[in-house]
Amino acid sequence: MDKALVVIGAVLAAVAIIWWFFGRRKTVAVMAQQQGDKQVVEIIVDGGYLPSVVELQCGVPAEIIFIRKDRSSCFEEVVLPDFGISTHLPIGKPHSVLVHPDTVGEFTYACGMNMFFGKVVVK
């Protein structure tokens, strides 16, 4: 009986771990807001990127404001390879990144260690 409980507990723990790391998470895209001649969106950097998906309008310059709250060295840098951007993010201070979304599509960005990801969707 004890062995059966241990096996059941181990199976449940394995399922929970698999779900936590590989389960499909619902992501909600946030549309950048028009401010004058550009569009602006804020991303909080705290254990990941929130929101993890931002939508930009094609052909309109965009300002993505990263606000880093996580002290992990992984989040010291954000890399947007499709826009040719790699920049340091200070802790607790907004840091603006200017992009020119001239091509429709989906473009990923990542932390400096390529462990945490986000997506820019240009429509």
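What number of residues within region 106-122 satisfy the criterion of being touching a strand residue (DSSP E or B) at 6+ places or on another chain (Cβ under 6 Å) and either loosely packed, with under 12 Cβ neighbours inside 10 Å or within 13 Å of Val54 (Cα to Cα) (or both)? The total comes to 10. The single condition among (1) out of contact with any Ser or Thr (no Cβ under 9 Å at 6 or more places or on another chain); (2) among the β-branched types (Val, Ile, Thr); (3) modelled with pLDDT under 95 that Val60 does not satisfy is (3). Restricting region 52-65 to residues that are part of a loop (DSSP other than H, G, I, E, B) and in contact with an Asp or Glu (Cβ under 9 Å, 6 or more places away or on another chain), which is nearest to Glu77 (Cα to Cα)? The residue in question is Pro61. Residues in region 72-96 that are of a type in the set (Ser, Thr, Tyr) and under 14 Å from Ile43 (Cβ atoms) were compared, and the one that is surrounded by the fewest Cβ atoms within 10 Å (Cβ to Cβ) is Ser96. The residues of region 24-60 that are surrounded by 10 or more Cβ atoms within 10 Å (Cβ to Cβ) and either over 29 Å from His100 (Cβ atoms) or among the β-branched types (Val, Ile, Thr) (or both), listed by number, are Thr27, Val30, Val40, Val41, Ile43, Ile44, Val45, Gly47, Val53, Val54, Val60.
If only residues of region 32-51 that are part of a loop (DSSP other than H, G, I, E, B) and within 9 Å of the chain's Cα centre (by Cα) are counted, the one that is farthest from Lys119 (Cα to Cα) is Gly48.
The values are calculated or read from the model by the stated rules, or taken from the named source; none is laboratory data. Computed from a predicted structure; not experimentally measured. Positions of Cβ are backbone-derived with ideal geometry, glycine not excepted, and every protein chain shown enters the neighbour counts.
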